[in-house]
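Chemist: Right, I'll just put the structure down here and ask away after.
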Amino acid sequence: MSDSCAIKLVQVWTRFGDKLIHQDINLCLPHGEILGLVGASGCGKTTLLRELIGLQQPSQGDIYVMGQSLLNAADYKRQLRTNCGMLFQKGALFSALSVFENIAFPLRELGFNETKLITRLVLMKLESVGLSQQDARLKPADLSGGMIKRVALARALILEPSLLLLDEPTAGLDPIASQDFVNLLSNLHQELAFTVVMVTHDLDILRDLCTQIAVLADRHLVAYGTLAEVMNGEHPFIAQFFHNQRAKRVFQ
Amino acid sequence: MLLSSAPLIELIHLDNGLYCAHLSGTWTVRTLVDQATINQQISQYLTKPNLSWDMRSVTALDSVGTLLLWQAWGECLPTSLQLKPEHRPRFARWQTQVIDDISAPHTLSYARLSQGLQLVMAGVVAQLVAFFILLGQLVLDSFYVVRYPNRMPWAEISRAIYDAGVRALGITALVGFLIGIVLSYLSALQLKMFGAEIYIINILGLSIIRELGPLLAAILVAGRSGSAMTAQIGIMRVTEELDALSAMGISHSLRLVLPKVFALAVAMPLLSVWTSSMALCGGMFSAQDTLDINYQQFFQRLPDAVPLSNVLIGLGKSMVFGLVIALVACYYGFRIQPNTVSLGNQTTNSVVAAITLVIMIDAVFAILFMNTGMP
């Protein structure tokens, strides 16, 4: 049942103390799709993303990733994390390590230790995210915001995961860097065919990249489908987000 | 879905006398972690003449799988290779990849050694200059707040006194009390041998009030509050709070350094008195137990055994210790770069430098006041 979905949420409820964050969220995302998770600030988008990788557990309900439940499945979570790349909002690069070592880190942790193999893989991945081999020597402190995102993406993709989670991938980037990043992600998706779940407020990404959109509002999943389907939703947040002047300009 | 079949390679002897290496299973990063056996097998098979390769049964192939085979094949495709069409482009990237030399040069030469030494010397000089600039700025800030008292950052000072002083009362009391007990027990054994038990009060009084109390308190504060001050300023650098202060035209030294220095200059003498009192209590407790010197005797004899000037020397040097610990902590805090290694290194440097300076200053005080305060 779950195998047709890369990600399946079944009656997910999340509470922080007395505060209810998610109420009865149900969703099935097919393999290879790019899902944009949209919602007002504080509605629990990042929490949902963290639940998908098992960093947090829902208070109630179950989450299936690649056909298996994450509920009380510590071994599977460990296995999943090597098959799942995550790009954090600020990159979360290890500041003490060089770009090269940051990207090589998951490989070494998995057990690879042959220097030549690691070097070639890291440099290939660095080039595939549009950076030069010479950038491998730099430290995260020497990188611009766009470069940090690219290095973080290279690190997230070094194990060629089947699921990629992105938390606001274009936040803090200028429009050109943002567009470059979207193109890059689109090309990598075509090449590697992974499933993507991204939290975003970027209307251009929703239009150009996302094949599915999920809208969280008032603790519920109020709409889920293609952009056209979601825009027909009747929830007030959808009207505010998808039918304002700027959104109209972007979607036209 | 995450479960994958292991990568398999087997040698098939064909009817025409030739060999074929038949690959199957999943050749991906997660299944190839233990590549030693696979590499060994491939190397063995490569010795066969006219070997052909059949990869049509490979279910999944990623960059690691292709690179492993590419390297084993001597960085070229075998002349006889059968594979799925979707897998062929994966080898193309290794064909076109050119590796730059990204390693740092490792050659050791006299010129590089000399250059390194020059850099170290320049670094030391730059550190000294930066330290004296901070000190000078602190002096200027002090004059400024004397001239404009309403600009004195009282809230920050009060907070720093609470953090560095009040919250250190517990640990200084415990350490002081225990040191008092240890010192009293060890001295009692020696004094008993000479029948000079009563002099335990002189020994404890002088050593604790003049030396151990201030020194213990200073070392504890350097380790506890000094490191916290350094890390706090360092984190402010990482989170760009220092830049925010600069952008608002607020002096770092006035808002961050002066309150800490002032607070420790006030709190250290008080902590020193507190630590000394606790150490004396510990000593007194132990003296009663081992030498039968009761509390009343102890209190009566202590003022005669320890002239007031010793208390003043202890207070004076505690104040200097406080100034130095805070100044060193702030100096190293401002040197922190926005990365985790620098944060750790500079916090360690701050504590080591502060404790070393405290001991050096203590030695200077001991020499300067060698003829003062002896009964």
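The values are calculated or read from the model by the stated rules, or taken from the named source; none is laboratory data. These numbers were taken from a predicted model, which means no experiment stands behind them. Here the Cβ is made from the backbone with ideal geometry for all residues, glycine too, and neighbour counts use every protein chain on show. For accessibility, only protein heavy atoms count, side chains too; no ligands or nucleic acids. Shrake-Rupley method; radii C 1.70, N 1.55, O 1.52, S 1.80 Å.
Chemist: Once you keep just the Cα pairs under 8 angstrom separated by 6 or more residues, what percentage relative contact order results for segment A:106-252?
Modeler: In percent, rounded to a whole number, it is 16.
Chemist: Just name one of A:Leu143, A:Gln79, A:Asn187: the one whose Cα is farthest towards the positive end of the charge dipole of the protein assembly as shown (beta-carbon charges, Lys/Arg +1, Asp/Glu -1).
Modeler: So the residue we want is A:Leu143.
Chemist: Same structure, new question: For B:Thr47 and B:Arg88 in the same chain, what is the full-extension length gain: residue separation times 0.36 nm, less their Cα-Cα distance, in nm?
Modeler: So the chain would gain 12.3 nm between B:Thr47 and B:Arg88.
Chemist: What's the FRET efficiency of A:Leu192 with A:Arg78 using the Cβ-Cβ distance as r and R₀ = 25 Å, to the nearest 0.05?
Modeler: It comes to 0.70.
Chemist: Rounded to the nearest 100 Å², what is the buried accessible area between A and B, both sides summed, probe 1.4 Å?
Modeler: Details: alone 12040 and 21200 Å², together 30360 Å².
That pair hides around 2900 Å² of surface in total.
Chemist: Can you find, among B:Asn16, B:Val33, B:Tyr45, the residue sitting farthest towards the positive end of the charge dipole of segment B:8-95, where Lys and Arg contribute +1 and Asp and Glu -1 at Cβ?
Modeler: Projecting each Cα onto the dipole axis, the largest value belongs to B:Val33.
Chemist: For B:Thr372 and B:Ser80 in the same chain, what is the full-extension length gain: residue separation times 0.36 nm, less their Cα-Cα distance, in nm?
Modeler: Values: separation 292, 0.36 × 292 = 105.12 nm, distance 9.60 nm.
Taking 0.36 nm per residue and subtracting the Cα distance, the gain is 95.5 nm.
Chemist: Label B:Arg112 and B:Leu178 with points 7 Å out from Cα along Cα→Cβ: what is the distance between them in nm?
Modeler: The modelled label-to-label distance comes out at 4.8 nm.
Chemist: Can you give me the long-range amide H partners of B:Tyr19? Hydrogens built in the peptide plane at 1.01 Å from N, cutoff under 5 Å, separation of 5 or more residues or another chain.
Modeler: Under 5 Å from the amide H of B:Tyr19: B:Leu14, B:Ser52.
Chemist: Between B:Ser246 and A:Lys19, with labels modelled 7 Å along Cα→Cβ, what's the label distance in nm to one decimal, could you check?
Modeler: Here the answer is 3.5 nm between the modelled labels.
Chemist: Let me know the mean shielding of A:69-82 by other chains, meaning the per-residue number of their Cβ atoms within 10 Å of its Cβ.
Modeler: Average neighbour count from other chains, rounded to a whole number: 1.
Chemist: Same structure again: Mind checking A:117-128 for the average number of partner chain beta-carbons within 10 Å of each residue's beta-carbon? Write out the running numbers ahead of the final one.
Modeler: Values: counts 7, 2, 3, 9, 5, 1, 5, 6, 1, 1, 3, 2.
Partner Cβ neighbours, averaged per residue: 4.
Chemist: Oh, and also: From the phi of every residue in segment B:167-182, what ³J(HN,Hα) in whole Hz does the Karplus formula 6.51 cos²θ - 1.76 cosθ + 1.60 yield, where θ is phi - 60° and glycine or proline is x?
Modeler: With coefficients 6.51, -1.76 and 1.60, one gets 6, 9, 4, x, 5, 5, 5, 5, 5, x, 4, 5, 5, x, 4, 4 Hz.
Chemist: Taking all protein chains as present, what is the carbon and sulfur share of the accessible area of segment B:153-368, in % to the nearest whole number, probe 1.4 Å? Show your work: numbers first, answer last.
Modeler: On the way: 6810 of 9740 Å².
Solvent-exposed carbon and sulfur of segment B:153-368 make up 70 percent of the total.
Chemist: Right, here's the next one. Which length gain, in nm to one decimal place, applies between B:Val139 and B:Leu186 when the Cα-Cα distance is subtracted from 0.36 nm times their residue separation?
Modeler: So the extension gain works out to 12.4 nm.
Chemist: Something else about it: Using a 7 Å offset from the Cα along the Cα-to-Cβ direction at both A:Asn244 and B:Phe131, what is the distance between the two label points in nm, to one decimal?
Modeler: 5.4
Chemist: Assuming R0 = 51 Å, can you tell me the calculated FRET efficiency for the pair B:Thr356 and B:Ser57, based on Cβ-Cβ distance, to the nearest 0.05?
Modeler: The calculated FRET efficiency here is 0.15.
Chemist: Say R0 is 30 Å: what FRET efficiency, to the nearest 0.05, do B:Arg255 and B:Val166 get from their beta-carbon distance?
Modeler: In this case the efficiency is close to 0.90.
Chemist: Given H placed on each backbone N at 1.01 Å, which residues far from A:Ile34 in sequence or on other chains put an amide H within less than 5 Å of it?
Modeler: Under 5 Å from the amide H of A:Ile34 lie the amide H atoms of A:Val196, A:Thr211, A:Gln212, each far enough along the sequence or on another chain.
Chemist: Using the Cα centre of segment B:31-138 as origin and beta-carbon charges of +1 (Lys, Arg) and -1 (Asp, Glu), tell me which of B:Thr59, B:Gln115, B:Ala72 is placed farthest towards the positive end of the dipole.
Modeler: Of the options given, the answer is B:Thr59.
Chemist: Right, another one. Amide H neighbours of B:Ser57 under 5 Å, counting only residues 5+ apart in sequence or on other chains, H built in-plane at 1.01 Å?
Modeler: B:Leu23
Chemist: I would also like to ask the following. Could you go through segment A:177-188 in sequence order and give the Karplus-derived ³J(HN,Hα) for each residue, using 6.51 cos²θ - 1.76 cosθ + 1.60 with θ = phi - 60°, rounded to whole Hz, and x for Gly and Pro?
Modeler: For segment A:177-188, the Karplus curve yields 4, 5, 5, 4, 5, 5, 4, 4, 5, 5, 5, 5 Hz.
Chemist: Enumerate cysteines in chain A without a disulfide-compatible partner, where compatibility requires another Cys Cβ under 4.7 angstrom.
Modeler: A:Cys43, A:Cys84, A:Cys210
Chemist: I'd like the carbon and sulfur percentage of the solvent accessible area for segment B:8-95, probe radius 1.4 Å, heavy atoms only, ligands and nucleic acids excluded.
Modeler: Roughly 51 percent, rounded to a whole number.
Chemist: Moving to a separate point now. Find the accessible area per residue for segment B:8-95; the probe is 1.4 Å, ligands and nucleic acids are left out, and the unit is Å².
Modeler: Ligands and nucleic acids excluded, the result is 48 Å² per residue.
Chemist: On to the next question. Output wanted: per-residue J couplings in Hz (rounded whole) for segment B:320-328, from phi through Karplus 6.51 cos²θ - 1.76 cosθ + 1.60, θ = phi - 60°, x for Gly and Pro.
Modeler: For segment B:320-328, the Karplus curve yields 5, 4, x, 4, 5, 4, 5, 5, 5 Hz.
Chemist: Can you tell me the relative contact order of segment B:153-368? Whole percent, Cα pairs under 8 Å, sequence separation 6 or more.
Modeler: 36
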